[in-house]
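Working notes for the structure below.
FYI, it's all coordinate maths here, none of it is from the lab. Just so you know, these numbers come straight off a predicted model, no measurement behind them. Note that each Cβ is placed from the backbone with ideal geometry, even for glycine, and that neighbours are counted across all protein chains shown.
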Amino acid sequence: MLSPSEANSGKLVTMVMQNAKILAERENCNFIIIDEPPGIGCPVDAGLVVTEPTMSGIHDLKRALQLLEHFNVQPFVCVNIYDINKDNAEKIESFCKENGIDVIGNILFNPIVTKAMVDGKTIIEYSPISAVAKEIEGIWEKLSALVSEKSFTQELLTKKEVIGLLSKIPINLERISKENLDKEILGAGIITELDAINLYEQMAAMTQNAEIKTTLLNIAKEEKTHVGEFQALLLIKDEEQEKELEEGRKEVKELKK
């Protein structure tokens, strides 16, 4: 298990997403939230920017919104510790309103959050009846409803948007050692197949044609078989990957107890 802000390879991100999807399907969950560092190149439906009412917070908010706009990702904004500077908080709300961006919630400062962190728990676990926990739950409810209802999830994808959904896999064979070449190829193969699965399933969700929907879902199912084939080969080539995958299974089993 990684500590907050601890770095690791993109392979781990791919494995986490893959196993999270399996768990979500098993538990009949409609959404998966993965907290990870930016720049992973994975397709997303929406971007929630959590900012603070400070000058640096406003600056970083605008940069994040520019990035989401560049990749045609629907933005939402939440203002944390809203009440420490209400003038700046109002500036954020005005800026978002002028640019057609939904501010889906404001979280007031509350020292109970620090107590939860010290106890190693989320605020929802530590004090589910607290005001701040209720605020966060309300933000989640708004976000899930907006993601489900926004028209961008129903629109047909343009060629540019389809390309934007796919992970960027740089291939520079000169920089890869001979002993790691096959492992990198297999890892890239897994990422490519997961991209294809996401794309086919998203298109299946968009179409109103039952025959096209069935075809897309069948193709996505075939791609999952390809993921299994690549993974099986990778586990043969990479003993560490096999060991860590087994550790991941154990951790998931512990969570379900």
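Quick notes on this one:
- Taking the Cα atoms of the range 105-148, the ratio Rg/Rh between the radius of gyration and the Kirkwood radius comes to 1.03.
- Stokes-Einstein diffusion for the range 166-256, with the hydrodynamic radius set to the Kirkwood value over Cα pairs and evaluated at 25 °C in a medium of 0.890 mPa s, equals 162 µm²/s.
- Distance in nm between pseudo-label sites at Trp140 and Lys62 (7 Å out along the Cβ direction from Cα): 3.4
- Extension gain for the segment Lys91 to Asp182, taken as residue separation times 0.36 nm less the Cα-Cα distance, is 27.5 nm to one decimal.
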